[in-house]
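Note sheet for the following structure.
A short reminder: the numbers here are calculations on the coordinates, not readings from a lab. Please read all numbers here as calculations on a predicted model, not as lab measurements. Positions of Cβ are backbone-derived with ideal geometry, glycine not excepted, and every protein chain shown enters the neighbour counts.
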Amino acid sequence: MTNKNMPVQGRNQVIIFLGPPGAGKGTQAERLASEFQLTKISTGDILRDHVARQSPLGQQIAPILKSGQLVPDDILIALIRDRLANMDNIRVIFDGFPRTLAQAGALDLLLEELGAPIVAVPLLEVPDQLLIDRIVERGRQAVQRGETPRPDDNEETARERQIVYHRETQPLIDYYAARGHLKPVDGEGSMDDVYGRIRQTLG
Ligand code: AMP
């Protein structure tokens, strides 16, 4: 499939995946990253890795992740600044960042410094109750595979994460719509169907 608007090899560009917890951002971002040779940066994965390694940061944020609240903006912004500073080409898909207006503003400044434009912000739209079901199911499947489930993949924390999303992250929808970057996508259905829709909106 050729597409004049899709990422071009070697050129700095940034895609931001927006959507509530459980919408499937991680999986879809992964697929897009491998198709277009972009680096996926998942802040949830990075933070969970700190917790697993029991780094000083990990010890500080473990209770926050468990509660479903957000880790403070300054920590996230420093973390992303570090990651981007070490890249030759800024060809990136963000999964789970930014999550607040303060993070979005800081990211804009950083990307301007680095000369890396945001090319699209796909928004995965999924009804709230379906999201809770998916998260609870993800936790159950991890247990079934003999793995330790994410500490926040349970119904109580899922509901809290949803409240936090509506309060802190939803304002980013208007923020990116106003800049012409927002690409709403129906996030219901099979992974392949949703991926097809994402690919279409990026065209
Ligand atoms: P996720 O895997 O994206 O659902 O993130 C899991 C948890 O990590 C969230 O519930 C937050 O506690 C924390 N987290 C991940 N990304 C961010 C972010 N951009 N800002 C603040 N906290 C975050």
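The aspartates and glutamates within cross-link reach of residue 40, meaning a Cα-to-Cα straight distance under 17 Å and a gap of 8 or more places when in the same chain, are 30, 49, 82, 88, 95. Residue-wise HN-Hα couplings along segment 154-164, as the Karplus relation 6.51 cos²θ - 1.76 cosθ + 1.60 with θ = phi - 60° gives them from phi, are 9, 4, 4, 5, 4, 5, 5, 4, 5, 4, 4 Hz; Gly and Pro carry x.
Per-residue 3J(HN,Hα) values for segment 81-92, derived from phi via the Karplus relation 6.51 cos²θ - 1.76 cosθ + 1.60 with θ = phi - 60°, read 4, 4, 4, 5, 4, 9, 9, 6, 10, 8, 10, 9 Hz in sequence order (x marks Gly and Pro).
For the pair segment 91-125 / segment 176-199, the C-alpha centres are spaced 16 Å from each other. In order along segment 29-45, the phi-based Karplus estimate (6.51 cos²θ - 1.76 cosθ + 1.60, θ = phi - 60°) of 3J(HN,Hα) comes to 5, 4, 5, 5, 4, 6, 5, 10, 6, 10, 8, 7, 10, 9, 5, x, 4 Hz; Gly and Pro are listed as x.
Here's how it looks for residue 41: its modeled amide H is under 5 Å from those of 93, 94, 95, which are all 5 or more places away or on a different chain. In this rough spin-label picture, where each label sits 7 Å from Cα along the Cβ direction, the residue 193-residue 53 distance is 4.0 nm.
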